[in-house]
Amino acid sequence: MSKSKAQFINPKDVGLPVVGGRGPIFDDEALARADQTMEAMSASFQQWIDADVIRLHEARLSAERAAWSDLALDQVLGVAHDIKGMGTSYGYPLATQIAASLCRLIETPAGKAAARGEPALILAHVDALRALVRGQIKTREHPVGSALLAALDGEVERLGVAPR
């Protein structure tokens, strides 16, 4: 067996050099400013995730009216992907995980076909996200959150169409 050519590089140790070789682009001061910016914006995080969940619900309703067409499911996927990407930053890591489960379900043609056959699974994901944001259930340490995530992930796995 040959040795792997992959090498782990810690970006904190290396960083990207600035033109002229003056050091990493993201020094400690830049990281501190980013942390301060995130802290200043954190008061708006609840409003932003609320708005994203409303957009997801509206996309779901549109998809239902469109008989779960690929185009409509792509709209649901787009909003779910936004929540997947921002949920943890908004303080809702569980929203990230449930949105990731929904993305895994409908991101492939096989997944879309399976979801059309069982649209209740799409509804369950969207309703779970609505419930956890409304109830401020943020992590899987919450028993309801843990149960929701396990049930949804289990159903997606059962269909066998979701990449890992």
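No value in this document is a laboratory result; all are computed from the given coordinates. As the structure is a computational prediction, the values presented were derived from the model and not from experiment. Here the Cβ is made from the backbone with ideal geometry for all residues, glycine too, and neighbour counts use every protein chain on show.
Report the net charge of residues surrounding Glu155, where surrounding means a beta-carbon distance below 14 angstrom and charges are Lys +1, Arg +1, Asp -1, Glu -1.
On the way: positive: Arg104, Arg158; negative: Glu118, Asp127, Asp153, Glu157.
Residues near Glu155 contribute -2 overall.
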- Query: Which order do peptides 150-161, 116-127, 76-87 fall in by mean Cβ count within 10 Å, highest first?
  - Reply: 76-87, 116-127, 150-161
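Below 14 angstrom from the Cβ of Asp35, what's the summed charge of the other residues (Lys, Arg +1; Asp, Glu -1)?
So the surrounding residues net to -3.
In nm², what is the average projected area of the convex hull enclosing the Cα atoms of the range 45-159? Mind dumping the intermediate values first?
Details: hull surface 23.7 nm².
Averaged projected area of the range 45-159's Cα convex hull equals 5.9 nm².
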- How far is it, in nm, from the label point at Ala34 to the one at Ala67 when both lie 7 Å from their Cα along the line to the Cβ? 4.7 nm
- Would you mind computing, in nm to one decimal, how far apart the modelled labels at Trp48 and Asp27 are, each placed 7 Å from Cα along Cα→Cβ? 2.7 nm
